[in-house]
Amino acid sequence: MSATIPAVGAQETADVVPCGECHDTVVAAFSVNPHATARGRNADASAICASCHSGGADHAASGDPAAVGIPRGDAGGRLCLTCHAGASHNDIEPRGVHAARGVNCETCHTMHPAGRVPEALLAGEGSSLCVSCHTGVAGSFRKPFPHRMHDSAGGTSKAGMQCASCHNPHGRGGESSLVRSRAGEVACLSCHTDKRGAFVYSHVSSEVAGCLGCHEPHGSANP
């Protein structure tokens, strides 16, 4: 999702120190990171560091690595949400199902990736990150009739349809974690447009339970 990046606030100004004088390789690598590019080409690299890391001045004066605040856990998540909180259905829900179970931003995202910057700063490729925890769902894709576009579950992020095509990992859980279109339609209809209707004689189950009333979305023993 897109985010509006605020300027460095007064409380962070004291921590704007020349990080690149010591951490030149980190600062150079971070220049292509979405968090750096969102601030524009002319942004001060040290100011970008201070947006997320506190204690820069103390660290520079003492040389103590522990003086630098590294956003982690719930506190780290709250810092991420100062930019990444939104109001649409598919945005990040602070009380989401993952957050309630101790899964925080750094569980799935890496802020300082080594080498190539991965899509959405994910710590793993494609749906492999999701199925590493959701092993039961991974098993569903091994049924005789899996979701045709999702044969790549657990594969690379570029290999067809992935978990995030239908699920919002930042949602509250249940149906509220299913991605919806701008028109408010369920994710299924983004591909299965012929089922969109309106129909003169609608199937009653689709009106009451939706697509999942009859279909197993990950994989089934029936065609």
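The values are calculated or read from the model by the stated rules, or taken from the named source; none is laboratory data. Quick caveat: nothing in here was measured; it's all calculated off a predicted structure. Backbone-built Cβ (ideal geometry, glycine too); neighbour counts: all protein chains shown. Side chains included, ligands, DNA and RNA excluded: accessible areas come from the protein's heavy atoms. Shrake-Rupley method; radii C 1.70, N 1.55, O 1.52, S 1.80 Å.
Look at (1) touching a Ser or Thr at 6+ places or on another chain (Cβ under 8 Å); (2) surrounded by fewer than 13 Cβ atoms within 10 Å (Cβ to Cβ) and you find that GLY56 fails only one, number (2). Looking across segment 128-159, the residues that are more than 17 Å from CYS105 (Cβ to Cβ), surrounded by 13 or more Cβ atoms within 10 Å (Cβ to Cβ) and modelled with pLDDT of 75 or more come down to SER128, VAL131, HIS134, VAL137, ALA138, SER140, PHE141, LYS143, PRO146, HIS147.
Which one of PRO113, PRO71, PRO94 is part of a loop (DSSP other than H, G, I, E, B), within 21 Å of ARG180 (Cα to Cα) and in contact with a helix residue (DSSP H, G or I) (Cβ under 7 Å, 6 or more places away or on another chain)?
Values: PRO113 fails: within 21 Å of ARG180 (Cα to Cα); PRO71 fails: within 21 Å of ARG180 (Cα to Cα).
Among PRO113, PRO71, PRO94, only PRO94 is part of a loop (DSSP other than H, G, I, E, B), within 21 Å of ARG180 (Cα to Cα) and in contact with a helix residue (DSSP H, G or I) (Cβ under 7 Å, 6 or more places away or on another chain).
Scanning segment 160-183 for residues that are within 16 Å of GLU93 (Cα to Cα) and open to solvent by 40 Å² or more (accessible area, probe 1.4 Å) returns ALA164, HIS167, PRO169, HIS170, ARG172, GLY174, GLU175, SER176, LEU178, ARG180.
When residues in segment 1-42 are screened for being outside any helix (DSSP H, G or I) and either modelled with pLDDT under 60 or closer than 17 Å to CYS83 by Cα (or both), 14 of them pass. Within segment 59-68, restricting attention to residues that are hydrophobic (A, V, I, L, M, F, W, C) and part of a helix (DSSP H, G or I), which residue is surrounded by the most Cβ atoms within 10 Å (Cβ to Cβ)? Ranking the candidates gives ALA60 first. Within segment 171-187, the presence of at least one residue that is in a loop (DSSP other than H, G, I, E, B), farther than 24 Å from GLY139 by Cβ and touching a residue at least 40 places away in the same chain (Cβ under 8 Å) is confirmed. Any residue that is in contact (Cβ under 8 Å) with a residue 60 or more places away in the chain and farther than 28 Å from ALA100 by Cβ - is there at least one of those in segment 191-201? Checked against the condition, which is being in contact (Cβ under 8 Å) with a residue 60 or more places away in the chain and farther than 28 Å from ALA100 by Cβ, segment 191-201 yields no hits at all.
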